[in-house]
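One structure is given here, and the rest of the page talks about it.
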Amino acid sequence: MPIDSTNANNSTKPALPFFNVSHFNKTKLDNKMYIAKQLSPMIPSYDLDRTVSFFLNLLDFKIARDDKTYFILYKDNLTVHIQRAGTDIGEMSFYLVVDDIEKVWQGMKDKLGDMKVREPFDREYGMREIHVIVPATKTLMFIGQEIV
């Protein structure tokens, strides 16, 4: 169900889901500079083993590259880069959209240990989400699925 939003003219119109960019692809751009194919987060970690294990064991990613201080992990057509960093790193967050949030939760809930996590809940903007702090980082990961 679309979320109502108010535009600058104070008229109400349905908003597009915030994660769905397919509507942009329908608009022909006359001055296209390039085609963006993928955007991958680069997550700084102060414990590479814990961070990489989170993606491998809880989210079913695989290792594409392991240089001991830099990892590239993949699942389906997505990649995540994990790089070694000190503990004095900045905070970041990113959003992973999935097709079945309940399957993700069932696959991870018994493996969380002492991780900071918020189990699946519905958001006012039409998404069901899990929030988790990626181990050994200052990264908040949003995992979400559109509520239909």
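The values are calculated or read from the model by the stated rules, or taken from the named source; none is laboratory data. Only a predicted model underlies this, so the values are computations on that prediction, with no experimental measurement involved. For neighbour counting, all protein chains shown are included, and Cβ atoms are generated from backbone atoms with ideal geometry for every residue, glycine included. Side chains are part of the model used for accessible areas, which takes the heavy atoms of the whole protein and leaves out ligands, DNA and RNA. Shrake-Rupley method; radii C 1.70, N 1.55, O 1.52, S 1.80 Å.
Protein heavy-atom accessible surface, 1.4 Å probe, per residue over segment 26-141: 66 Å².
Legend: residues Met92, Met33, sorted from most to least accessible area (1.4 Å probe; ligands, DNA and RNA excluded), read Met33, Met92. Our summary of shape: the Cα atoms of segment 85-138 have principal axis extents of 35, 27, 16 Å, ordered from largest down, in whole angstrom.
Sparse packing (at most 10 other Cβ atoms within 10 Å of the Cβ) combined with a DSSP loop state is found for the following trypsin sites (Lys or Arg not before Pro) in segment 40-148: Lys68.
Each distinct pair of alpha carbons in segment 21-148 adds a 1/r term; the inverse of their mean, the Kirkwood radius, is 16.1 Å. Once the chain from Tyr125 to Phe94 is taken as fully extended at 0.36 nm per residue, the excess over their C-alpha distance is 9.5 nm. A DSSP coil position with no more than 11 other Cβ atoms inside 10 Å describes the following GluC sites (Glu not before Pro) in segment 91-148: Glu91, Glu124.
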